[in-house]
Amino acid sequence: MVTQFRLRVVFFLIPFFAFLIVIRLFYWQIIRGPGLAERANRQHQDVVVLASQRGDILDSSGELLAGTQNLYHLFVYQPQLEKDKAEVINLLAPVLATSAATLDQTRSQLLDRLNLTSNWVSLKHYLTTDQKQAIEALNLKGLGFEDEFTRFYPEASLAAQVLGFVGSDLAGEPQGYFGLEG
């Protein structure tokens with residue numbers, strides 16, 4: 001009698017536990033699987049886009065038709081900033097303003113950017129070498145630069161049908177369209 005009871009218990013418990021295991025596997029593989037796969041991929045894969053320079057395009061006599069200009073992107077890493085925001089704005093605004101008329105607007109834009117809560121904040125794109133050197137001369141800790149390459153055409157639209165142009169793709173990255181640029 002006891003043996004038959006034990007057999008019945010085992011006969012019902014084994015399928016019950018097997019069913020629980022199948023349910024748990026379904027949960028981890030079907031329901032949570034895509035999210036776990038995404039997390040695993042993030043741990044093993046990292047995409048780094050390196051800023052690269054496009055080559056020059058010359059005509060048959062060696063004249064430049066399309067070239068790349070090296071400009072700079074100014075950013076601030078706020079935890080390293082030693083001076084207060086008002087002082088930083090007063091030092092940077094005259095260097096970044098395109099004219100005396102836009103000085104107040106530049107101050108306002110810098111104030112908006114520096115009031116963001118993020119540690120790393122982009123301040124200004126496409127600075128010239130002169131602007132970069134002027135900012136470096138201020139010796140403000142927490143400011144940094146990244147290279148930005150922009151395409152320029154010294155002869156404007158001359159041979160535009162052959163050269164094409166450089167624009168932005170859907171991700172905002174530079175991409176050549178049409179002609180030699182494409």
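Report the rotationally averaged projected area of the stretch 89-148 based on its alpha-carbon convex hull, in square nanometres. Walk me through the numbers before you get to the answer.
Working: hull surface 16.6 nm².
So the mean shadow area of the Cα hull is 4.2 nm².
If you average over every viewing direction, what projected area does the convex hull of the Cα atoms of the stretch 3-87 give, in nm²? Each step should come with its number before you reach the end.
Details: hull surface 65.1 nm².
Over every viewing direction, the Cα hull of the stretch 3-87 projects on average to 16.3 nm².
Run the accessible area of the stretch 59-134 with a 1.4 Å probe and give the carbon-and-sulfur part as a rounded percent. Kindly include the intermediate steps, with their values, before the conclusion.
On the way: 2140 of 4450 Å².
Reported share for carbon and sulfur atoms: 48 percent.
Could you tally the net charge around residue 114, taking each other residue with its Cβ under 13 Å from the Cβ of residue 114, Lys/Arg +1 and Asp/Glu -1? Mind showing how you got there, number by number?
Working: positive: 83, 85, 107, 113, 124; negative: 84, 87, 112.
Counting the neighbours of residue 114, the net charge comes to +2.
Where does helix 2-26 land angle-wise versus the long Cα axis of the chain, in degrees 0 to 90, nearest 10?
Roughly 10 degrees, rounded to the nearest 10.
Might you tell me the accessible area per residue for the chain, computed with a 1.4 Å probe and given in Å²? If you can, show how the numbers build up before the last one.
On the way: 13420 Å² over 182 residues.
With all protein chains present, the chain gives 74 Å² per residue.
Using only helices, what value at 222 nm comes out for the chain when you add -39,500 (n - 2.57) per DSSP H run of length 4 or more and divide by the total residues, to the nearest 500 deg cm²/dmol? Intermediate results must be reported in sequence, preceding the final value.
Details: 6 runs with 74 residues, N = 182.
Mean residue ellipticity at 222 nm (helix-derived): -12500 deg cm²/dmol.
Just tell me which lysines come within less than 18 Å, Cα to Cα, of residue 83; anything on the same chain fewer than 8 places away is out.
141
Just how far, in whole angstrom, is the stretch 4-37 from the stretch 71-90 if you go by their alpha carbon centroids?
58 Å
For the stretch 53-109, what are Rg and Dmax over the alpha carbons, in angstrom?
18.5, 55
Any chance you could list the semi-axes, whole Å, largest first, of the equivalent ellipsoid that the Cα gyration tensor gives for the chain, using √(5λ)?
Details: eigenvalues 698, 177, 31 Å².
Rounded to whole Å, the semi-axes are 59, 30, 12.
The values are calculated or read from the model by the stated rules, or taken from the named source; none is laboratory data. All figures in this text were calculated on a predicted structure; none of them were measured in a lab. A quick note on method: Cβ atoms are made from the backbone with ideal geometry, for glycine too, and the neighbour counts reach across all protein chains shown. Only protein heavy atoms, including side chains, enter the accessible area calculation; ligands, DNA and RNA are left aside. Shrake-Rupley method; radii C 1.70, N 1.55, O 1.52, S 1.80 Å.
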